[in-house]
Amino acid sequence: MNSFNERILNILKIASSNLQKKNPRQKSRHWKIYNYKTYNLHNLENFRNLNGLSYGLEDQNETLIFKLYSRIIEELSEEYVLKNLSKNNIGNSPSLIKYKNVYVDYNKLIHIHWLGDLEKNVLNQNIKNFCEIGGGFGSLAELIIKNHNIKLLSIDLPEANFMTSYYLSQNFPAKKFYLYDNYLEKKILSYEDFLKNDIIILPPETKIDEKIKIDFFINTRSMMEMNFDIIKKYFDFIHNYISDNGYFLNINRYEKTSAGEKIRISDYPYDKNWDVLSSKKSFNQDWTHFLITKRKFSNYNNNIKDELTRIRKIGEKYYNLYIDDLPNYLSLKKIVKKVLKITFGIKVLNYFGKHLRNIGNKLLNIK
């Protein structure tokens, strides 16, 4: 039995209980999807399996995987893409395709495209560390660490941290990890502990030494699923902890409603002290915006406040367009799935589930 995996399972239980006591609103209505999943070591090792623990945190579409691959290699080169695809199927996704000694991964391809943008705008600077807020299971973080060997502070809900800890430990077994059980020894992430560790993974509502400064913040497609008061807390955190001339990557929907309120990227509470470096529709998702800003207090090339007004105008065509499913139906779904599993068996259920998902993906991608 893997002692690290047992450790992070125990951390999940403690962190979930503590977070619920401190601030239950950290888990919005959208993220109550986590309440209907089963957390154990078997499901951890297979977290990317069909309807596994990472379901809802990533894109997978094996039917269009090489169409996306072709688009990206035209822009970034096949050599660049191949060196950033994984040689191991960590999490045992059934959607990956082995090609040229790597696994072509729809989700990873999107992150590789983001990495290409970041290497032009941010990672070519003197970046010593980065903080990813709501980073799923750590796929983008893995690319940044692999290519630039910089320190990571990851802040996410305990259930996501469970997967991130496993995924990054599988990719970087020699790195020094600081996890929530380390934090509980002092009940603060000290400046000294920050310096001596490589990968730091914590839940929200933890105390961080004010001497710590972050060169690069990232949020990709998760603030849009938070309550707005939680988004405001994260922006306060970013404004307080970002280094001089630090950077912020923000990729989120023009509008999303699954948290139970209309969350729009144009309403995010930036203060005025940001210069816009890149602002455009996100790759492969027209309904999402890609925004890179730099901390700056004067001589703006394009101030964030003006840019948010422009983004609001772009986003208007998407307002009220998508009705996001809320996870209230999931307890019923779990019961139905259990009945079908008993009646037909897991192999038959997975076979039909996979084919129905492929049909759904084809319909979603009809222009």
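The values are calculated or read from the model by the stated rules, or taken from the named source; none is laboratory data. For clarity, every value in this text was computed on a predicted model and none was experimentally measured. Cβ placement follows ideal geometry from the backbone for every residue including glycine, while neighbour counts extend to all protein chains displayed.
Contact list please: Cβ distance under 8 Å, first residue in the range 163-174 and closer than 16 Å to residue 140 by Cβ, second residue acidic (Asp, Glu) and not in a helix (DSSP H, G or I), pairs at least six apart or on different chains.
164/156; 172/198
Condition first: among the polar types (S, T, N, Q), in contact (Cβ under 8 Å) with a residue 24 or more places away in the chain and part of a helix (DSSP H, G or I). Now tell me which residues in the range 36-66 satisfy that. Spell out how you get there, then give the answer.
Taking the range 36-66 first, the residues among the polar types (S, T, N, Q) are 38, 40, 43, 46, 49, 51, 54, 60-61, 63.
In the following step, the residues that additionally are in contact (Cβ under 8 Å) with a residue 24 or more places away in the chain were identified as 40, 46, 49, 51, 54, 60-61, 63.
Result: 63, single match.
Filter the range 237-263 down to residues that are in contact with a Phe, Trp or Tyr (Cβ under 6 Å, 6 or more places away or on another chain) and assigned to a loop (DSSP other than H, G, I, E, B) and give me whichever is surrounded by the most Cβ atoms within 10 Å (Cβ to Cβ).
Result: 254.
Specify which of the listed residues (306, 275) is modelled with pLDDT of 95 or more and assigned to a strand (DSSP E or B).
Values: 306 fails: assigned to a strand (DSSP E or B).
Testing whether each residue is modelled with pLDDT of 95 or more and assigned to a strand (DSSP E or B) leaves just 275.
Of the conditions (1) outside any strand (DSSP E or B); (2) surrounded by 14 or more Cβ atoms within 10 Å (Cβ to Cβ), residue 192 satisfies every one except a single condition; which number is it?
(2)
Just give me the residues in the range 103-152 being within 22 Å of residue 52 (Cα to Cα) and in a strand (DSSP E or B), in sequence order.
Filtering the range 103-152 down to residues within 22 Å of residue 52 (Cα to Cα) leaves 103-111, 133-142.
The answer is 103, 104, 133.
When the residues of the range 18-49 are filtered to those that are in contact with a Gly (Cβ under 6 Å, 6 or more places away or on another chain) and at pLDDT below 95, which remaining residue is nearest to residue 136 (Cα to Cα)?
Residue satisfying both the conditions and the ranking: 33.
So, in the range 24-45, how many residues would count as being over 17 Å from residue 204 (Cα atoms) and in contact with a Leu (Cβ under 9 Å, 6 or more places away or on another chain)? Spell out how you get there, then give the answer.
Step one: filter the range 24-45 for residues over 17 Å from residue 204 (Cα atoms), giving 33, 35-45.
Okay, now just the ones that are also in contact with a Leu (Cβ under 9 Å, 6 or more places away or on another chain), so 33, 35-41, 43-44.
The number of residues fulfilling the criteria is 10.
Would you confirm whether or not the range 184-191 contains a residue that is within 22 Å of residue 123 (Cα to Cα) and either modelled with pLDDT of 95 or more or among the polar types (S, T, N, Q) (or both)?
Initially, the range 184-191 is screened for residues within 22 Å of residue 123 (Cα to Cα), giving none.
So far as the range 184-191 goes, no, none of its residues is within 22 Å of residue 123 (Cα to Cα) and either modelled with pLDDT of 95 or more or among the polar types (S, T, N, Q) (or both).
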